[in-house]
Amino acid sequence: MAKHWADFQYEIYLNGMTGSVPRLPTDLTRLEELAEHRLGPGPVGYVAGCAGDGSTARANRSALARHRIVPRMLRDVRERDLSTEVLGRALPAPLALAPVGVLSIMHPDAESAAARAAAAQGVPYILSSASSTPLEQVAEAMGDAERWFQLYWGKDREVTRSFLGRAKAAGFTVLVVTLDTPLLSWRPRDLDQAYLPFLHGVGTANYFTDPAFGAGLTKPVHEDPQAAVLHFLGLFGDPGHTWPDLAFLREHWDGPIVLKGVLHPDDARLAADAGVDGVVVSNHGGRQVAGSVAAADALPRVADAVGDRLTVLFDSGVRTGDDVFKALALGARAVLLGRPYVYGLGLDGQAGVEHVVRCLLAELDLTLALSGHTGPGTVGAGDLVTDPA
């Protein structure tokens with residue numbers, strides 16, 4: 001019998017019999033405010049901050065809110081199964097933890113704690129290139145659990161080749177290539193604090209431990225860390241990449257490749273033509289283009305364009321179980337969760353991340369059941385109506 005994620009609520013209520021209540025809110029939309037109060041303004045601003053005035057992040061939330069679920073009655077929903085197959089991998093639920101860099105600014109256990117939490121709950125963990133922890137160490141923390149590697153596709157081909165080789169050797173199975181960050185956007189919260197962790201060598205662990213990166217330095221990292229930081233900044237992004245360049249990645253990665261940051265159906269078609277395996281409909285949580293189309297508004301058009309050719313994933317604005325339901329109904333195969341788990345990490349380490357995952361999936365399980373569904377596979381556009389904007 002499949003696991004009922006919804007049973008988490010009864011665990012909470014039973015613990016309450018002994019006076020125990022959850023350490024963190026079960027309404028995951030409250031985590032950001034709690035983090036603002038408990039954590040430093042630089043780190044919280046880096047995670048919560050957005051491009052420009054934040055209009056894209058607000059649009060992400062309002063786009064999801066405009067879609068309303070239409071529950072169906074008198075369907076047998078006693079036995080439910082949230083499991084699904086994504087990119088040939090059997091997952092216990094349509095969820096993965098999105099790649100978020102520099103997690104040591106939120107908690108000293110950083111990416112290893114988030115990865116252990118994902119492993120404990122059986123959901124994939126996507127490690128950012130810009131992690132505070134070398135990828136081999138994160139892999140070791142996860143054992144044989146499902147892990148994917150996110151690539152910031154920079155200027156140095158040898159560093160890229162080395163990263164892909166290291167990730168494959170460390171058991172990462174899927175390559176997630178972020179396309180929307182060839183340059184860092186204008187982010188006022190970070191600019192007002194003059195806060196960029198990379199300048200202090202934070203979020204550079206994969207680079208500073210990489211032999212190809214080291215070959216470009218005149219002195220070892222520990223002898224001249226500032227030179228290493230400057231070298232990193234010089235190769236981190238590449239605004240010159242074009243679609244034919246994907247052939248290089250395909251040549252050096254034999255597993256699934258997913259392109260993250262696709263919002264236009266024509267780009268999704270180009271991705272399919274390039275022979276990749278999936279796309280993530282994402283505007284980087286509103287962090288890259290102020291005034292961008294909301295990710296949930298872009299999702300149906302991308303799914304219509306390539307849903308029969310590629311695996312379509314979704315992120316940007318997801319905070320609740322009903323958000324996941326809506327993303328599935330709009331054409332996503334699964335959802336990547338970002339900021340909420342990072343706030344959970346900052347507030348309560350690995351346990352905080354597990355709390356966030358369990359709350360989200362319990363709410364998804366209940367939303368599915370109470371809307372007349374026993375799993376994610378039967379959810380579709382007919383389960384939603386859209387409020388006028």
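A few points about this structure:
- Residue match in segment 264-277 (condition: under 16 Å from the mean Cα position of the chain (by Cα) and either surrounded by 24 or more Cβ atoms within 10 Å (Cβ to Cβ) or among the hydrophobic types (A, V, I, L, M, F, W, C) (or both)): no
- Of everything in segment 202-238 that is open to solvent by 20 Å² or more (accessible area, probe 1.4 Å), small (Gly, Ala, Ser) and touching a helix residue (DSSP H, G or I) at 6+ places or on another chain (Cβ under 7 Å), the residue that is nearest to residue 151 (Cα to Cα) is 212.
- Counted residues, segment 330-347 - those being part of a helix (DSSP H, G or I), hydrophobic (A, V, I, L, M, F, W, C) and open to solvent by 10 Å² or more (accessible area, probe 1.4 Å): 1
- Residue check for residue 164: in contact (Cβ under 8 Å) with a residue 24 or more places away in the chain, in contact with a His (Cβ under 7 Å, 6 or more places away or on another chain), of a type outside the set (S, T, N, Q) and within 23 Å of residue 249 (Cα to Cα): yes
- Some residue of segment 98-117 being part of a loop (DSSP other than H, G, I, E, B), open to solvent by 20 Å² or more (accessible area, probe 1.4 Å) and acidic (Asp, Glu): yes
- Any hit, segment 325-333, residues being basic (Lys, Arg), in contact with a Ser or Thr (Cβ under 9 Å, 6 or more places away or on another chain) and closer than 22 Å to residue 190 by Cα: no
- Index of the failed condition, residue 141 passing every other in (1) farther than 21 Å from residue 332 by Cβ; (2) open to solvent by 10 Å² or more (accessible area, probe 1.4 Å); (3) in contact with a Pro (Cβ under 8 Å, 6 or more places away or on another chain): (3)
- Within segment 167-201, considering residues that are more than 30 Å from residue 246 (Cβ to Cβ) and part of a loop (DSSP other than H, G, I, E, B), the one most open to solvent (accessible area, probe 1.4 Å): 194
- Residues located in segment 8-25, provided they are of a type in the set (S, T, N, Q) and surrounded by 11 or more Cβ atoms within 10 Å (Cβ to Cβ): 9, 15
- Residue within segment 287-302 that is more than 20 Å from residue 57 (Cα to Cα) and open to solvent by less than 20 Å² (accessible area, probe 1.4 Å) present: no
Quick grid of which residues meet (1) surrounded by 20 or more Cβ atoms within 10 Å (Cβ to Cβ); (2) more than 18 Å from residue 383 (Cβ to Cβ); (3) touching a Pro at 6+ places or on another chain (Cβ under 9 Å):
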{"residue": "62", "(1), (2), (3)": "no, yes, no"}
{"residue": "65", "(1), (2), (3)": "no, no, no"}
{"residue": "68", "(1), (2), (3)": "no, no, no"}
{"residue": "71", "(1), (2), (3)": "no, no, no"}
{"residue": "74", "(1), (2), (3)": "no, no, no"}
{"residue": "79", "(1), (2), (3)": "no, yes, no"}
{"residue": "84", "(1), (2), (3)": "no, no, yes"}
{"residue": "88", "(1), (2), (3)": "no, yes, yes"}
{"residue": "96", "(1), (2), (3)": "yes, yes, yes"}
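- For segment 26-56, filtering for residues that are in contact with a Ser or Thr (Cβ under 8 Å, 6 or more places away or on another chain), buried (at least 20 other Cβ atoms within 10 Å of the Cβ) and assigned to a helix (DSSP H, G or I) leaves 2.
The values are calculated or read from the model by the stated rules, or taken from the named source; none is laboratory data. Everything quoted here is computed from the prediction, not taken from an experiment. Note that each Cβ is placed from the backbone with ideal geometry, even for glycine, and that neighbours are counted across all protein chains shown. When the accessible area is computed, the model is the full protein with side chains, heavy atoms only, and any ligands, DNA or RNA have been set aside. Shrake-Rupley method; radii C 1.70, N 1.55, O 1.52, S 1.80 Å.
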